Amino acid sequence: MTDIRDTVRDEFLRRFGHRPSGLWSAPGRVNLIGEHTDYNDGYAFPFAIDRRTVLALRQRDDRVLRVASSFAPDAVEIAIDELSPERLNGWSAYPLGVAWALGQLGASLSSVPGADVYIDSEVPIGAGLSSSAAIESAVAVALDEVWRLDLDRRTLAEVGQLAENRAVGAPTGIMDQSASLLGRTDAGVFLDCRSLAAEVIPLGFDAAGLQTLIVDTTVSHSHATGGYAARRASCEAGARALGVPALRDVHLGDLERARAVLDDETFRRVRHVVTENQRVLDTVRTLREHGPAAIGGLLDASHVSMRDDFEISSPELDLAVETARENGAIGARMTGGGFGGAVIALVPRDLVPAVRAAIEAAFSAAGFAVPEQFTVRAAQGATRER
Ligand code: ADP
Ligand code: MG
């Protein structure tokens with residue numbers, strides 16, 4: 001199998017006519033647990049995966065940025081002095097948005113050199129594995145190094161988020177970039193989305209004979225963007241009605257009062273966030289005290305909460321979760337923003353083929369599209385490769 005790093009090096013030469021001076025990479029991520037908690041100042045527990053976005057870069061002396069990607073036939077070019085969210089669009093808003101955001105979050109770009117950048121990726125697009133954070137994080141670490149900015153990884157995560165919020169225009173939280181930048185082999189990133197404190201927690205899946213199976217339903221429902229915005233609005237309304245800055249400040253013991261104050265739908269949205277925050281804390285504690293074989297029930301409960309209270313699941317996601325559980329997964333849940341996307345299942349290694357076959361058969365019987373299934377491992381965050 002060809003190494004993507006060799007492909008990126010060779011393609012850089014073909015597109016730009018000279019060799020790159022360095023290669024960097026950043027991984028996609030999957031969220032183990034903690035969904036729709038990040039924008040409620042809560043907790044999340046994602047890990048970086050062994051699928052990466054790789055870029056090659058060479059500096060230019062004319063303060064021009066040229067970015068090219070395996071997805072696009074032509075490079076996009078802009079002078080550093082002209083970077084602004086209004087001038088960026090399409091896929092290049094991700095890498096060029098990062099360059100702009102570096103200048104917004106403390107770095108001076110007044111004398112940095114330009115760069116040629118070529119990007120390729122093993123992270124599937126739109127599968128809930130955050131190809132967007134992977135491209136942002138790869139560009140952020142590369143430019144941080146060649147521009148000698150020396151920003152810490154937490155700031156680089158904020159840079160990626162700012163690029164996505166302002167240059168791309170997607171109102172996402174900080175979780176994806178944090179996982180991509182802070183991930184470690186065989187470990188998850190326990191994230192406090194209020195303080196932005198992040199702690200690397202060993203997962204021990206391999207040693208326990210467990211594999212993480214991703215089932216990408218390949219279905220994204222058309223109301224995904226509107227649904228996400230509506231859930232955010234419900235959470236904000238719930239926090240306002242309860243007189244707290246964010247749902248992070250509502251605890252399990254407050255739910256009784258919340259039920260009395262809120263309409264039924266808002267109450268169920270709030271209950272998802274409150275119980276999900278608790279499940280993240282319980283997952284971290286359970287991993288430490290009892291190991292990974294003991295966290296399955298928390299994953300299952302998270303799915304039920306998203307299905308029934310937050311109402312962001314889909315028939316495909318529910319079928320994948322049920323079939324995985326019936327065929328030996330110790331826990332399974334939809335992962336990502338919902339309304340389609342992927343499921344993560346924690347499966348004993350020797351049962352993975354049977355679970356995959358059962359899911360494929362169940363999807364076929366239900367008349368659903370053939371899902372993409374693959375296992376992932378918790379991997380190292382963004383890094384220089386060469
Ligand atoms: P995901 O769930 O994969 O993060 P998003 O819609 O958030 O989905 O981000 C996907 C978008 O990010 C793509 O449509 C493209 O614009 C951009 N992108 C991601 N990876 C690359 C890449 N390697 N080259 C160019 N653009 C990319
Ligand atoms: Mg994304």
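Each reported figure results from applying straightforward, stated rules to the coordinates on display, with no laboratory input. As the structure is a prediction and not an experimental result, all values here were calculated from the model.
Quick rundown of the values:
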{"read-out": "Over the stretch 4-201, equivalent-ellipsoid semi-axes from the Cα gyration tensor in Å", "value": "27, 18, 14"}
{"read-out": "Folded to 0 to 90 degrees: helix 315-326 orientation relative to the chain principal axis, Cα", "value": "70"}
{"read-out": "Cα centroid of the stretch 177-229 to Cα centroid of the stretch 308-357, whole Å", "value": "15"}
{"read-out": "Principal axis dimensions, the stretch 185-255 - Cα atoms, whole angstrom, descending", "value": "46, 33, 23"}
{"read-out": "Quotient of Cα Rg and 2.2 N^0.38 Å for the chain, N being how many residues it contains", "value": "0.99"}
